[in-house]
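Chemist: I'd like to ask you about the structure that follows.
The values are calculated or read from the model by the stated rules, or taken from the named source; none is laboratory data. This is a predicted model, so every value here is computed, not measured. As a convention, Cβ positions derive from the backbone with ideal geometry for all residues, glycine included, and neighbour counts pool all protein chains shown.
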Amino acid sequence: MSLVGSIGATLMLLDLTGLFAKSGIKAIPINSTGADYKSTAAPGTAIVEKDREHIQSIVDYFGQDFLQAVALGRRMSPGRLSAVADGRVFPGPEALRLGLVDAIGTLSDTVTRLRSAAGNLSSFLRSEAKMDHSTNSPATLAELKNQCPDLPDSFYVRQLEAGATIVEAQRAAIGAMQEQVREARSATTKKSGVKTLEEHVGAGFGSSGGGAEDLSKLVTAEMKASGVDRQAATVKILRRNPQLHEELLIGANEGNRAAVEAIHQRFT
């Protein structure tokens, strides 16, 4: 039986500094001036926080690319996509129910279906030529609804007014889907009344306590070191310090048992 899914991107790094130390080996990277990231994750070197953040941004980029491919290829609405885009794999029947596959069958079944769908080679080439022409021409309403399904009517109106091609509309649809996925995930979090990272940052540091005081000091130092504003510095600090982030969120949601439980689950 097949397994389908695993939507997302991952990269495994191995910290070999302990092994190198036991073996009496010391890795000394020599990078050209300015190329500070050239030896990132090189065997035997420590993976410092700035390296980790850089690698995380790369993994997130490929993760978003994966998400876009699934959204367009499977024509899934943001809500359906959000429910399966967490890295899990699903047995064939479950994948079929979730809309991740068209059917369950053998290789022979697949070949037969492809032959039936494609017809002969000449008709296939003609359809390809027609598609090439259509991608460079303004899309019709029918084409927009077919290629970019499950979107509000206002989206189609904007694309028609702009004279967007199918490719341009698909790109716009990706952005719209991503925004709806973010909103759906944010709404799920807010069901328990949990303050989000952005809400917490926006609230400032008026509360007393060691956690808030520590955060204020760290943020001030980050602003001086990175030259960013207070909100950006706060986000960076909280992402690098999940334990402090959890402590502050629990403090901000004190008295809300459901919210506190949700916070614990989030950081487990």
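Chemist: When you go through T40, T10 one by one, which is the residue that is touching an Asp or Glu at 6+ places or on another chain (Cβ under 6 Å), touching a residue at least 12 places away in the same chain (Cβ under 8 Å) and not aliphatic (A, V, I, L, M)?
Modeler: T40
Chemist: Hey, any hits in segment 53-70 for a residue that's closer than 27 Å to N241 by Cβ, touching a residue at least 24 places away in the same chain (Cβ under 8 Å) and more than 23 Å from the chain's Cα centre (by Cα)?
Modeler: No: segment 53-70 contains no residue that is closer than 27 Å to N241 by Cβ, touching a residue at least 24 places away in the same chain (Cβ under 8 Å) and more than 23 Å from the chain's Cα centre (by Cα).
Chemist: Can you find a residue that is of a type in the set (K, R) and touching a Ser or Thr at 6+ places or on another chain (Cβ under 9 Å) anywhere in segment 86-94?
Modeler: Looking through segment 86-94, at least one residue is of a type in the set (K, R) and touching a Ser or Thr at 6+ places or on another chain (Cβ under 9 Å).
Chemist: Taking the stated definitions as given, is G63 touching a Gly at 6+ places or on another chain (Cβ under 7 Å), outside the structural domain of D150 (by TED's automatic domain parsing), surrounded by 12 or more Cβ atoms within 10 Å (Cβ to Cβ) and on the phi > 0 side of the Ramachandran plot?
Modeler: No: the conditions fail for G63.
Chemist: Follow-up. Among the listed residues G79, G18, G87, identify the single one that is loosely packed, with under 14 Cβ neighbours inside 10 Å, in contact (Cβ under 8 Å) with a residue 60 or more places away in the chain, in a helix (DSSP H, G or I) and not assigned by TED's automatic domain parsing to the domain that holds R240.
Modeler: Checking each option against the conditions leaves just G79.
Chemist: Related question: Could you please find all residues in segment 151-186 being in contact with a Pro (Cβ under 6 Å, 6 or more places away or on another chain) and modelled with pLDDT of 85 or more?
Modeler: Passing the criteria: only G163.
Chemist: Within segment 1-40, can you find the residues that are under 30 Å from V84 (Cβ atoms) and hydrophobic (A, V, I, L, M, F, W, C)?
Modeler: Once the filter is applied, which keeps residues that are under 30 Å from V84 (Cβ atoms) and hydrophobic (A, V, I, L, M, F, W, C), segment 1-40 yields M1, L3, V4, I7, A9, L11, M12, L13, L14.
Chemist: Could you list, in sequence order, all residues of segment 21-60 that are of a type in the set (G, A, S) and outside any loop (DSSP other than H, G, I, E, B)?
Modeler: A21, S57
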